[in-house]
Amino acid sequence: MHRNFLKTDQLTVAFGGIVALSNVTLSIAEGRTTAILGPNGAGKTTLFNAIAGAVRPTGGRVFFQGADITKASPSRRCHSGIARTFQITQPFSGLSVRENVMVPLAAGGMSMKQAREEASTYIDFVGLNAKAEDPARVLSTGQRKRLELARALSTHPKLLLLDEVTGGVDRPSIPELLNVIRRLREERNITIVVVEHNMEVLLGLADDAFFLNRGEVIVEGSIAEVADHETVRRIYLGDA
Ligand code: ATP
C-alpha cells in the first residue's frame, strides 16, 4: 500500500485577499476511503479543485503516486488516474443515461460500438440498467449521482474525489449509493476521497479523515477519532 498515494505539501490557494487553503499538508493512503470534513467555506471544494487541477495553487505542491503534478493540466491529471464528481451533478440532461456515459468514451477516440459496450459495464456497475435509455433529466438525485459515478468510471480512475456524496439525495436512496461507492474500492481498487456533511454516512464509509477549518487542517486521524474530537464536535456537529 502506498501511504502517500496522493500528497499535498504546504498547499495554499488564495483568491485575491481570500485565503481558501493555507499550507495544507496531507497524505491520502492507497486503497482507503478518506473523508474531508469542515464547515461551509472551510476549503473542501477548493482542495478538490487544486488536486484535480481546476485551480492553480498560490503555493505548495501536489504529488500523485510520487510524481509532482502541481503544474499538470486537468486532462493530464485525468489521464494519470484522478477523477472527480461535483457537488451539483452536470449530466447532459437531454441525452439518455447510456449516451451520457458513451460521450466521454467516444470523445476519447473509441468506436461507437466499443463505447456502447463499455458504457454498459459501468451502467450495470452503478445499478442503472433499467434507466439506461431514459433521458438523464428524469433521474432522481440519487440516480444522477450514480450516473456521475458511471461517467467517472469511464476514465479508469485510480483516485476518485467525490464532492457532497449524499447531498440532496433522499434518505431511502442513500444506502444504494453508498453500496456503489464501497464496491468502487472493493471491486475496482479505487482510492476514494469524499466530502460529505452527514457524519453517520461518513462513519460507515470512511477509514481516515481530515478536518479543515478556514483553510487549515485542524484535526486528522481515523474517522472515529476525528468524529470524536472536541473541536470537530463543536464546529461540525454543533455540539455545545
Ligand atoms: P462548502 O461546504 O460551502 O461547499 P467548502 O469547504 O467547499 O464550502 P470552498 O468552496 O472551498 O469551501 O471555499 C473556501 C473559501 O474560498 C470560501 O471563503 C469561498 O468563498 C472562497 N472561494 C472559493 N472559490 C472561490 C473563487 N473562485 N473566487 C473567490 N473566492 C472563492
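When restricted to residues that are in a helix (DSSP H, G or I) and either in contact with a strand residue (DSSP E or B) (Cβ under 7 Å, 6 or more places away or on another chain) or at pLDDT below 95 (or both), segment 46-66 contains 6. Against the definition (in a helix (DSSP H, G or I) and more than 30 Å from Asp124 (Cβ to Cβ)), how does Arg233 come out, yes or no? Taking the combined requirement at face value, the residue satisfies it. Count of segment 117-150 residues, restricted to those that are in contact with a strand residue (DSSP E or B) (Cβ under 8 Å, 6 or more places away or on another chain) and not in a loop (DSSP other than H, G, I, E, B), is 5.
Counting only residues that are away from the ligand (no atom under 13 Å from the Cβ) and assigned to a loop (DSSP other than H, G, I, E, B), segment 9-37 holds 4 of them. Being farther than 22 Å from His229 by Cβ, near the ligand (Cβ under 9 Å from one of its atoms) and either among the hydrophobic types (A, V, I, L, M, F, W, C) or open to solvent by 60 Å² or more (accessible area, probe 1.4 Å) (or both) holds for only one residue in Phe48, Phe64, Phe5, and it is Phe48. I'd like the residue in segment 119-140 that is under 17 Å from Glu176 (Cβ atoms) and hydrophobic (A, V, I, L, M, F, W, C) and, out of all such residues, is nearest to the chain's Cα centre (by Cα). Among those residues, the one meeting the criterion is Val126. Is one or more of the residues making up segment 201-217 among the hydrophobic types (A, V, I, L, M, F, W, C), more than 27 Å from Ala152 (Cα to Cα) and modelled with pLDDT of 95 or more? Checked against the condition, which is being among the hydrophobic types (A, V, I, L, M, F, W, C), more than 27 Å from Ala152 (Cα to Cα) and modelled with pLDDT of 95 or more, segment 201-217 yields at least one hit. Scanning segment 75-103 for residues that are surrounded by 14 or more Cβ atoms within 10 Å (Cβ to Cβ) and more than 28 Å from Glu133 (Cβ to Cβ) yields Arg77, Ser80, Gly81, Ile82.
If you take the residues in segment 161-198 that are charged (D, E, K, R) and under 15 Å from Lys44 (Cβ atoms), which one is farthest from the ligand (Cβ to nearest atom)? Per the criteria, the residue is Glu196.
The values are calculated or read from the model by the stated rules, or taken from the named source; none is laboratory data. Given the structure is predicted, the values throughout are model-derived calculations rather than measurements. Note that we place each Cβ from the backbone using ideal geometry, even for glycine, and neighbour counts take in every protein chain shown. The protein model used for the area step is the full one, side chains on, heavy atoms only, and it has no ligands, DNA or RNA in it. Shrake-Rupley method; radii C 1.70, N 1.55, O 1.52, S 1.80 Å.
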